[in-house]
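Down below is the structure, laid out as C-alpha cells.
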Amino acid sequence: MRIWLAVAAAVLAAQSGLAYAEVDKLSGAPLPPRPPEKTSPILDRFYILAAFYTPVIHTDVRIDPTTGVPPGTVGTPVNAERDLGLKSRMELGRVEFMFRLRERNKLRVDYFQADRSASHTLANTIVFGDQTFLGGQTVQTTVNWRSFGLTYTYSLYRSDRFEVGTGLGLYFLQAEAIGQIPATGQQTDKSAAEPVPTLPLDLTWAVSRRWAVTARGNYVKAAVSGFDGSYTDLHGDLQYRWNPYFSLGVGFTSMRIALSGDSGSIPGTVGMSFKGPEAFFRLSY
C-alpha cells in the first residue's frame, strides 16, 4: 500500500511540475497550449521500416537444353508450386530505409529475400536444362530469390499534405534454380544476377496529423540481344503515427519478374511473382 501511495505522490508531483513549467516565468500567467508538433512522412528526414510480409508466390520456369540437341529444342514448362512441390505462400520479412537528402530529394534502400526448397515425386517426365528427370522419381528443388534496390526520387510537387516524385531506381536482382535427383546423381544448377535500372513513381498523402497514405511503383522493360525482360514492384500502405517517431501500418506489395531468352545463364523463360499483404512498424524522425 505504501508503494502505491508513493507512486501516486510521484505522479501528482510530476503533473504539478509540468503545470508549473507551463506558466510565464515573469508574470506567472498561464501560457497558451503548445501547438502539436508537425509530423508526417513528407517531413521525415529518415526512416527505417520492418515489415511482416505474407505473399502468394507463383513461379513458371522453362529451362532449355543447350548441348547435344538440335537447335530450337526447348525444355518442359513447369509450375514450381504445382509440379515441384514448392510453397505457394510464405511468411517473410522485408526491410527498407529512406534518407531525405534535401527537402525534395530522397534515397530509398530496400532488401527482400525468398528461399524455397522441396522434395517432390514427379508426376510427369521433365526436361530441365541438359537433364531429363523421369516421372515417378523424387526430385529435390531449390529456388532462391534476392532483391536489393536503390531508388532516388525528386519531388515534382511537395506541400504539407501531398508529395509526388520520380527519378531513377537501380535494382540488383539474383535468381537461382537447382534441380537434382539424389537416386541417379542428376543435377542442374542455373543462376543469374543482374543490375536493373527502373523508372519510379512515389506518392504520399498526409491525411491528418496521425494518418497517411503512401504508394509507389518501379518498372522497367527491356530487350537486348534476343533477351527480353521486365520487372515491376508496386506498393501501397496506410500508416498511423503513434507518436512523432513511431508508426504502425498495413499495406500490400506486389513484385513480378519475367525473363526470356535463347542464350545466357538461364536459356528459356522464368516468370516469378509475389503478391500479398503486410504489416509493419516504422521508426522515423
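Note on the stretch 59-83: among residues that are of a type in the set (A, V, I, L, M, F, W, C) and assigned to a loop (DSSP other than H, G, I, E, B), the one that is surrounded by the fewest Cβ atoms within 10 Å (Cβ to Cβ) is VAL69.
The condition of being open to solvent by 40 Å² or more (accessible area, probe 1.4 Å), within 19 Å of MET255 (Cβ to Cβ) and over 19 Å from the mean Cα position of the chain (by Cα) holds for only one of SER191, SER208, that being SER191.
Residues in the stretch 243-263 that are of a type in the set (A, V, I, L, M) and within 13 Å of GLY229 (Cα to Cα): ILE257, ALA258, LEU259. Checking each residue of the stretch 237-260 against the condition of being open to solvent by 40 Å² or more (accessible area, probe 1.4 Å), of a type in the set (A, V, I, L, M, F, W, C), assigned to a strand (DSSP E or B) and within 30 Å of LEU122 (Cα to Cα) gives at least one match. The set of residues in the stretch 84-125 being free of Cβ contacts under 8 Å to residues at least 40 places away in the same chain and open to solvent by 70 Å² or more (accessible area, probe 1.4 Å) consists of LYS87, GLU91, LEU101, ARG102, TYR111, GLN113, SER117, SER119, THR121.
Kindly indicate the residue of the stretch 151-179 that is open to solvent by 60 Å² or more (accessible area, probe 1.4 Å) and in contact (Cβ under 8 Å) with a residue 40 or more places away in the chain and also nearest to the chain's Cα centre (by Cα) among those meeting that condition. Among those that are open to solvent by 60 Å² or more (accessible area, probe 1.4 Å) and in contact (Cβ under 8 Å) with a residue 40 or more places away in the chain, it is TYR152.
Cβ separations smaller than 6 Å between residues 6+ apart or across chains give the following pairs from the stretch 251-262 residues that are in contact (Cβ under 8 Å) with a residue 12 or more places away in the chain and more than 16 Å from ILE63 (Cα to Cα) to residues that are part of a strand (DSSP E or B) and open to solvent by 20 Å² or more (accessible area, probe 1.4 Å): GLY251/GLY236; PHE252/GLY236; PHE252/PRO277; SER254/LEU234; SER254/LYS275; ARG256/THR232.
Can you confirm whether the stretch 273-281 contains a residue that is in contact (Cβ under 8 Å) with a residue 24 or more places away in the chain, closer than 30 Å to THR188 by Cα and either not in a strand (DSSP E or B) or not small (Gly, Ala, Ser) (or both)? Within the stretch 273-281, one or more residues are in contact (Cβ under 8 Å) with a residue 24 or more places away in the chain, closer than 30 Å to THR188 by Cα and either not in a strand (DSSP E or B) or not small (Gly, Ala, Ser) (or both).
The values are calculated or read from the model by the stated rules, or taken from the named source; none is laboratory data. None of the values given here were measured: they were computed from a predicted structure. No Cβ is skipped: glycine too gets one built from the backbone with ideal geometry, and neighbour counts run over all protein chains shown. The area values use the complete protein model at the heavy-atom level, side chains included, leaving out ligands, DNA and RNA. Shrake-Rupley method; radii C 1.70, N 1.55, O 1.52, S 1.80 Å.
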